[in-house]
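See structure below.
Each reported figure results from applying straightforward, stated rules to the coordinates on display, with no laboratory input. These numbers were taken from a predicted model, which means no experiment stands behind them. Don't worry about glycine lacking a Cβ; one is built from the backbone with ideal geometry, like all the others, and counts go over all protein chains shown.
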């Protein structure tokens, strides 16, 4: 229900406006002065403020300016019996939605409010369409050549229209957020917002504030009332990324919300309700965390009504070729470099590598190679340091074991130096080091 603040120092005017607004289905609050109106705005979030221009103390123009600082999303409509073009222009320059002259008909006000909310809907639609376009690009990157990824996408389509929570599990970099986005856009909440929050990115109290919101003065630094992401996600999907990092106190509050959809902003006693679809993701073994007392068992069962496990890239090597080509096409277009294939040696190396960083590591590797390459294909020389040489025993990558970085660098430099037959000029070009730096490194390795 839209929330409207009516500000006027004439009680009868305030009352008559509030009664009409409530009959039209709006929730209202009344303030008799600019100061009282600011108190309301710091305690709650208003969609619209309808305010008189001329009032004792703080006038409508000053109130408009301060409200826009405190709550930029609040649309302001100014009313005045002393309307002039200059005042109207100034109000619009400061961000007012409209300026109406008293007396006005209720039909006229109703039309203006309809325009306000139509514009709000349009802004939300544009925001959503931008998100859909971005998400569509990401969704295209879910490659399903392997049977295991086909099974993942089968579950995505199966769970998309269900209202139940979904727990997406897998190592870092496998694409858990992409799967969550796909669930959202294939489901019946696709027209609502998709709101992600990383539970490991905030300290305990700030995580509560970020998700549930807070009122003014709830804690040090809480200078205004703020909606939480649970309210922002109303009617859509909330992604609780890295849920395994959530602190115990937060887990309790989240469990209560999952039970009945009710929550309180920090510092408030009023209960609120939000209708959101919950998707949680984690790279942790939550069952192990339950045994170790780090994660609540009851919360786990609430979040895992439906489960999706995304296997690591090393277990679905048949996806590597298509993923590589997808990233190659995307980044070559972005960078304006017509590079469309890998050297066969690089392709074989990609198939043999274990990809501990999964799809994200593969994407970063392609991006790096496209930045540094000077030819029309990706060669060994274009890859990051760790890819240059493979150990003979088991094709294990240098740098994958417990070797210190300096030792990895030494092996790499010596390998290039010997492969070029001791040609310092050629070796320095491949290594992208100055000739002086290369000679210095070789001397430190005991090579004159």
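Would you calculate a helix-derived [θ] at 222 nm for the chain, using -39,500 (n - 2.57) for each DSSP H run of n ≥ 4 and dividing by the full residue count, to the nearest 500? Spell out each step's value before the answer.
Numbers: 18 runs with 215 residues, N = 448.
-15000 deg cm²/dmol, from helical runs alone.
Can you tell me what percent of all Cα-Cα pairs in segment 14-64 are more than 17 Å apart?
Numbers: 449 of 1275 pairs.
Here the long-distance tail beyond 17 Å is 35 percent of all Cα pairs in segment 14-64.
Can you tell me what share of the DSSP beta bridges in the chain is antiparallel? A percent to the nearest 5 is fine. Walk me through the numbers before you get to the answer.
Numbers: 5 of 42 bridges.
Given both bridge residues lie in the chain, the antiparallel proportion sits at roughly 10 percent.
Run the paramagnetic zone check for residue 102: 7 angstrom along Cα to Cβ, then residues of segment 28-47 with backbone nitrogen under 15 Å.
31-34, by backbone N distance to the label point.
One quarter of the convex hull surface, Cα atoms only: what value does that give for segment 141-311 in nm²? Please list the in-between numbers first.
Numbers: hull surface 40.1 nm².
That works out to 10.0 nm², a quarter of the Cα hull's surface.
Which of rounded, prolate or oblate describes segment 3-118 when judged by the alpha-carbon gyration tensor and an a/c cut-off of 1.5? The partial results should precede the final answer.
Values: a/c = 1.20, a/b = 1.06, b/c = 1.14.
In terms of gyration-tensor shape, rounded.
Once both labels are modelled 7 Å past Cα along the beta-carbon direction, what's the residue 172-residue 12 spacing in nm?
6.8
Given an 8 Å cut-off on Cα distances and at least 6 residues of separation, report the relative contact order of segment 141-311 as a percent. Can you show the working numbers first?
Details: 314 pairs, mean separation 56.7, N = 171.
Worked out over segment 141-311, it gives 33 percent.
Go ahead and run the numbers for FRET between residue 315 and residue 219, Cβ-Cβ distance against an R0 of 51 Å, rounding to 0.05. Present the calculation step by step, with values, prior to reporting the outcome.
Working: r = 45 Å, r/R0 = 0.88.
The computed FRET efficiency comes out at 0.70.
Please give the length that would be gained between residue 435 and residue 322 if that part of the chain were fully extended, namely 0.36 nm times their separation in residues minus their C-alpha to C-alpha distance (nm, one decimal). If you can, show how the numbers build up before the last one.
Values: separation 113, 0.36 × 113 = 40.68 nm, distance 3.87 nm.
Using 0.36 nm per residue and subtracting the Cα-Cα distance, I get 36.8 nm.
Using the basic label-point model (7 angstrom from Cα toward the beta carbon), what is the residue 294 to residue 118 distance in nanometres?
5.5
In nm, what is the difference between 0.36 nm times the number of residues separating residue 110 and residue 66 and their Cα-Cα distance? Walk me through the numbers on the way to the answer.
Values: separation 44, 0.36 × 44 = 15.84 nm, distance 2.54 nm.
Computed gain between residue 110 and residue 66 is 13.3 nm.
Report the Cα centroid-to-centroid distance between segment 319-343 and segment 265-299 in angstrom, as an integer.
39
By what distance, in whole Å, do the Cα atoms of the chain stretch along each of the three principal axes, largest value first?
Sorted from largest, the Cα extents of the chain read 94, 53, 39 Å.
For labels at residue 56 and residue 206 in the simple 7 Å Cα→Cβ model, what's the distance in nm?
Simple spin-label model gives 4.5 nm for this pair.
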